[in-house]
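Engineer: Quick one: the structure is below, questions incoming.
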Amino acid sequence: MVDLSVRLGRLSLSNPVLVASGTFGYAREMEGLVDFTRLGGIIPKTVTRLPRIGNPPPRTIETASGMLNAIGLDNDGIDYFIQHHLPYLRSLPTVLIANIAGKNEDEFEEMAALLAPQSGIAALELNLSCPNVSGGVDFATSPDVTARVIRRVRAACPFPIIAKLTPNVTDIVPIAQAAADAGADAVSLVNTFVGMAIDWRRRRAILGNKTGGLSGPAIKPLALRLVWRVAQHVKIPIIGVGGIATGEDVMEFLVAGASAVQLGTVNFYDPTASMRVMEALPEYVAQLGATRLSEIIGSLQP
Amino acid sequence: MTLHVAASVVEQVRLARDTYRIRLHAPALAAAIRPGQFVMLRLPNTTDPLLGRPFALYDTVLENGEVVGFDVVYLVVGKMTRRLAEIRVGEPLEVVGPLGNGFAPLTGLGHVGLVAGGIGQTPFLAYIRQLLGERGYGGQSPSRAVQRVSIFYGVRTADLAAGVDEFRAAGAEVYLATEDGSLGEKGYVTELLRRHGPVDHLVGCGPEPMLHALMRLADEWRTSCHVSLETPMACGVGICFSCVTRVKTSDGWDYRRVCVDGPVFDAACLAR
């Protein structure tokens, strides 16, 4: 028997396979396709303080082994989330990690305070890094702002805090370090890489938002390298995200230094991938001669 | 209940220029799917193409009265459909479905007009059979819902027309239009419909400009009208929020997902 459980600061998971925000809807859509008991946890779509209509379509376009998206945080706001999505989400037999994005520090704090009295939330993931919304949501390009948001959210709610960071920066290490210093329990690395697709015949950007975030297998090596770099410098646990689609992908991220992973785009093209990936892990862990998955985290040979 | 299955290709038949009918063995999915619903099809063991693509149910396939599979009809237009046309009998495809709301089960209507443009005819064969009581879907026994079904079908040119004989055999009256006049009447299908005159209910599927012309005509005639929309989709199951369209709300409009709230919408609900 291989022990798959992992600890992310104050958060414990029975296995390291999470599903990424924005790639699993509000979980209800996946009922019947996915056995939620087999997931390490669910991170529903980002919720904002007020409803957001989102970006004009087209919102996604496939690229080589990947896709660009510019959904624009289309959601009905936190009041609706608490009333209509949370009752269902908290009833599921798995860990719930709510994901929030504020337009400013005040909104982050306000949302954390609104969620604080709610039962059934195991942790908060802060979307500091959506590349597709104007109005300053790209908090995680600055270590100082990242730290301030995390401190205020920590003070406003009892939940473990996960900071989801953007790769669209010169150096991600100081930002991850700032998150750690401010009291984040873990960092999610990484959100999507900003990219573009063009219809040259019409001389137009394909996405309604013109640019979008690249995800899928195409970005896996990029995400893996950032996880590895941060793991060498920053002490808090890392959740690896970026193009993970198989059990072997998960093993690469664990060896690089991630303590857990999120499956994202693969949920779109293979809705049952999360279960298959989880089931593949014990055998792979055993192949490395380990009995606990935690033994292999960050075990990359020098 | 949405299923995720590997389905093997039973046959692949060319229906018209660049247009194929692919038949998949998938008994459980085929027994559940209804006209107007769709499936996501994906090639296994590749990440390019990466995402599944939505295809409407063309019709279910019966063997000795048992539902054993289903057909979709596609036009070769891009990366995925080019690869699909190369798939051989016996090879598997990954299928997620049935998806979407499907066409409304109409009752007590005299004459229903189905209006198709381009490759938008594909959801209508099963609907014709359902409305005329030729075949039951999703476990329902066949029952005739309307007196008459006509299909108004427009393509650019004659060799792109696919399925015309099947629509006739299913009991529909077929009216054809081509932009170059090489088959049926010359001009747009909505002009053909206008010359034909009002029916009791309209259902459209095709390019956006055609659907807009159809909805304007339905407004003018004060005829109820449903449209099946096609928007770029990444997942088909409601988790990605890509495929949105503008739907009227009490205080204006909001984007709604075509894959779960549609693909069939009452034209009166769409914010145009």
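The values are calculated or read from the model by the stated rules, or taken from the named source; none is laboratory data. These numbers come from a predicted model, not from an experiment. Positions of Cβ are generated from backbone atoms using ideal geometry, with glycine treated the same way; all protein chains shown enter the neighbour counts. When the accessible area is computed, the model is the full protein with side chains, heavy atoms only, and any ligands, DNA or RNA have been set aside. Shrake-Rupley method; radii C 1.70, N 1.55, O 1.52, S 1.80 Å.
Engineer: Exactly one of (1) surrounded by 23 or more Cβ atoms within 10 Å (Cβ to Cβ); (2) outside any helix (DSSP H, G or I) is unmet by A:Phe268. Its number?
Structural biologist: Looking at each condition in turn, A:Phe268 falls short on (2).
Engineer: Would a scan of region A:261-283 turn up a residue that is more than 30 Å from B:Pro232 (Cα to Cα) and of a type in the set (Val, Ile, Thr)?
Structural biologist: no
Engineer: Something else: Does region A:224-234 contain any residue that is aromatic (Phe, Trp, Tyr), open to solvent by 10 Å² or more (accessible area, probe 1.4 Å) and over 18 Å from the mean Cα position of the chain (by Cα)?
Structural biologist: So far as region A:224-234 goes, no, none of its residues is aromatic (Phe, Trp, Tyr), open to solvent by 10 Å² or more (accessible area, probe 1.4 Å) and over 18 Å from the mean Cα position of the chain (by Cα).
Engineer: Out of the residues in region A:211-223 meeting the condition of being more than 14 Å from chain B (Cβ to nearest Cβ) and assigned to a helix (DSSP H, G or I), tell me which one is surrounded by the fewest Cβ atoms within 10 Å (Cβ to Cβ). Before you say what the answer is, go through the steps one by one.
Structural biologist: Taking region A:211-223 as the starting set, the residues that turn out to be more than 14 Å from chain B (Cβ to nearest Cβ) are A:211, A:222-223.
If we keep only those that are assigned to a helix (DSSP H, G or I) too, we end up with A:222-223.
Numbers: A:Leu222: 15, A:Ala223: 27.
Among those residues, the one meeting the criterion is A:Leu222.
Engineer: Right, next: Anything in region A:149-160 that is free of Cβ contacts under 8 Å to residues at least 40 places away in the same chain and buried (at least 23 other Cβ atoms within 10 Å of the Cβ)? List them, or say none.
Structural biologist: Matches in region A:149-160: A:Ile150 only.
Engineer: Then there's this: May I ask you to list the residues in region A:93-107 that are touching a residue at least 24 places away in the same chain (Cβ under 8 Å) and not small (Gly, Ala, Ser)? Let's see the steps before the verdict.
Structural biologist: Step one: list which residues in region A:93-107 are touching a residue at least 24 places away in the same chain (Cβ under 8 Å), which gives A:93-105, A:107.
A:Pro93, A:Thr94, A:Val95, A:Leu96, A:Ile97, A:Asn99, A:Ile100, A:Lys103, A:Asn104, A:Glu105, A:Glu107 - these are the residues of region A:93-107 that are touching a residue at least 24 places away in the same chain (Cβ under 8 Å) and not small (Gly, Ala, Ser).
Engineer: Which condition from (1) among the charged types (D, E, K, R); (2) within 14 Å of chain A (Cβ to nearest Cβ); (3) free of Cβ contacts under 8 Å to residues at least 40 places away in the same chain is the one that B:Arg222 breaks?
Structural biologist: With respect to (1) among the charged types (D, E, K, R); (2) within 14 Å of chain A (Cβ to nearest Cβ); (3) free of Cβ contacts under 8 Å to residues at least 40 places away in the same chain, B:Arg222 is out only on (2).
Engineer: For region A:67-81, which positions are free of Cβ contacts under 8 Å to residues at least 40 places away in the same chain and open to solvent by less than 30 Å² (accessible area, probe 1.4 Å)? Lay out the reasoning, then the answer.
Structural biologist: Taking region A:67-81 first, the residues free of Cβ contacts under 8 Å to residues at least 40 places away in the same chain are A:74-81.
If the condition is that a residue be free of Cβ contacts under 8 Å to residues at least 40 places away in the same chain and open to solvent by less than 30 Å² (accessible area, probe 1.4 Å), then A:Asp74, A:Asn75, A:Gly77, A:Ile78, A:Phe81 are the ones that fit.
Engineer: Which one of these does A:Phe81 not meet: (1) modelled with pLDDT of 95 or more; (2) within 13 Å of chain B (Cβ to nearest Cβ)?
Structural biologist: (2)
Engineer: For B:Glu91, state whether it is without any contact (Cβ under 8 Å) to a residue 40 or more places away in the chain and surrounded by fewer than 19 Cβ atoms within 10 Å (Cβ to Cβ). Walk me through it before giving the result.
Structural biologist: On the way: without any contact (Cβ under 8 Å) to a residue 40 or more places away in the chain: no; surrounded by fewer than 19 Cβ atoms within 10 Å (Cβ to Cβ): yes.
Judged against the criteria, B:Glu91 is not a match.
Engineer: Filter region A:243-298 for residues that are of a type in the set (Gly, Ala, Ser) and within 14 Å of chain B (Cβ to nearest Cβ); which is farthest from B:Val95 (Cα to Cα)?
Structural biologist: Looking only at region A:243-298, we keep the residues that are of a type in the set (Gly, Ala, Ser), and these are A:243, A:245, A:247, A:256-260, A:264, A:273-274, A:280, A:286, A:289-290, A:294, A:298.
Those left that are additionally within 14 Å of chain B (Cβ to nearest Cβ): A:243, A:245, A:264, A:273-274.
Numbers: A:Gly243: 21, A:Ala245: 18, A:Gly264: 19, A:Ala273: 14, A:Ser274: 17 Å.
The extreme case among them is A:Gly243.
Engineer: Can you find even one residue in region A:189-200 that is out of contact with any Cys (no Cβ under 9 Å at 6 or more places or on another chain), within 14 Å of chain B (Cβ to nearest Cβ), of a type outside the set (Ser, Thr, Tyr) and touching a residue at least 40 places away in the same chain (Cβ under 8 Å)?
Structural biologist: Keep residues of region A:189-200 that are out of contact with any Cys (no Cβ under 9 Å at 6 or more places or on another chain), which gives A:189-190, A:193-200.
Now drop any that are not within 14 Å of chain B (Cβ to nearest Cβ), which leaves A:197, A:199.
So of that shortlist, the ones also of a type outside the set (Ser, Thr, Tyr) come out as A:197, A:199.
After this cut, where a residue has to be touching a residue at least 40 places away in the same chain (Cβ under 8 Å) as well, the list is A:197.
Yes, that holds for at least one residue.
Engineer: Then there is this: Search region B:237-252 for residues that are within 7 Å of chain A (Cβ to nearest Cβ) and under 28 Å from A:Gly32 (Cβ atoms) and pair each with any residue that is open to solvent by less than 30 Å² (accessible area, probe 1.4 Å) and assigned to a strand (DSSP E or B) when their beta-carbon atoms are under 7 Å apart and the residues are at least 6 apart or on different chains.
Structural biologist: Pairs found: B:Val237/B:Val96; B:Val237/B:Leu99; B:Cys240/A:Thr60; B:Ser242/A:Thr60; B:Val244/B:Tyr255.
Engineer: Return the residue satisfying two criteria in turn: it lies in region B:49-69 and is small (Gly, Ala, Ser), more than 12 Å from every other protein chain (Cβ to nearest Cβ) and under 20 Å from the mean Cα position of the chain (by Cα), and of such residues it is most open to solvent (accessible area, probe 1.4 Å).
Structural biologist: Initially, region B:49-69 is screened for residues small (Gly, Ala, Ser), giving B:52, B:56, B:65, B:69.
Filter once more, keeping what is more than 12 Å from every other protein chain (Cβ to nearest Cβ): B:56, B:65, B:69.
Remaining after also requiring under 20 Å from the mean Cα position of the chain (by Cα): B:56, B:69.
Working: B:Ala56: 24, B:Gly69: 2 Å².
So, considering only residues that are small (Gly, Ala, Ser), more than 12 Å from every other protein chain (Cβ to nearest Cβ) and under 20 Å from the mean Cα position of the chain (by Cα), the one most open to solvent (accessible area, probe 1.4 Å) is B:Ala56.
Engineer: Please state which of the following conditions B:Glu179 fails to meet, knowing it meets all the rest: (1) away from chain A (no Cβ under 14 Å); (2) more than 23 Å from B:Tyr127 (Cβ to Cβ); (3) touching a helix residue (DSSP H, G or I) at 6+ places or on another chain (Cβ under 9 Å).
Structural biologist: (3)
Engineer: Return the pair list, or none, for Cβ contacts closer than 9 Å from residues in region B:104-115 that are surrounded by 14 or more Cβ atoms within 10 Å (Cβ to Cβ) to residues that are assigned to a loop (DSSP other than H, G, I, E, B) and of a type in the set (Ser, Thr, Tyr), at least 6 apart or on different chains.
Structural biologist: Short answer, once both residue conditions are applied: B:Gly113/B:Thr223.
Engineer: Which pairs have Cβ atoms under 6 Å, sit 6 or more apart or on different chains, and link a residue in region B:117-131 that is assigned by TED's automatic domain parsing to the domain that holds B:Glu173 to one that is assigned to a helix (DSSP H, G or I) and not basic (Lys, Arg)?
Structural biologist: From region B:117-131, the pairs are B:Gly117/B:Val189; B:Gly117/B:Met210; B:Leu125/B:Glu166.
Engineer: Given the criteria within 14 Å of chain A (Cβ to nearest Cβ), at pLDDT below 95 and open to solvent by 50 Å² or more (accessible area, probe 1.4 Å), does B:Asn45 qualify?
Structural biologist: On the way: within 14 Å of chain A (Cβ to nearest Cβ): yes; at pLDDT below 95: yes; open to solvent by 50 Å² or more (accessible area, probe 1.4 Å): yes.
Spelling it out, B:Asn45 is indeed within 14 Å of chain A (Cβ to nearest Cβ), at pLDDT below 95 and open to solvent by 50 Å² or more (accessible area, probe 1.4 Å).
Engineer: Quick one: how many residues across region A:1-43 are in a loop (DSSP other than H, G, I, E, B), buried (at least 18 other Cβ atoms within 10 Å of the Cβ) and more than 10 Å from every other protein chain (Cβ to nearest Cβ)?
Structural biologist: Of the residues in that region, 8 qualify.
Engineer: Just need a number here: residues in region A:172-204 that are part of a strand (DSSP E or B) and surrounded by 18 or more Cβ atoms within 10 Å (Cβ to Cβ).
Structural biologist: Our first condition is that a residue be part of a strand (DSSP E or B); within region A:172-204, this holds for A:186-189, A:193-196, A:198-199, A:204.
Imposing the further condition that a residue be surrounded by 18 or more Cβ atoms within 10 Å (Cβ to Cβ) reduces the set to A:186-189, A:193, A:195.
Selection size over region A:172-204: 6.
Engineer: Could you tell me which residue of region A:82-114 is surrounded by the most Cβ atoms within 10 Å (Cβ to Cβ), considering only residues that are under 18 Å from the mean Cα position of the chain (by Cα) and of a type in the set (Gly, Ala, Ser)?
Structural biologist: A:Ala98
Engineer: Quick one: in region A:46-66, which of the residues that are buried (at least 23 other Cβ atoms within 10 Å of the Cβ) and in a loop (DSSP other than H, G, I, E, B) is nearest to the other protein chains (Cβ to nearest Cβ)?
Structural biologist: Among those residues, the one meeting the criterion is A:Arg59.
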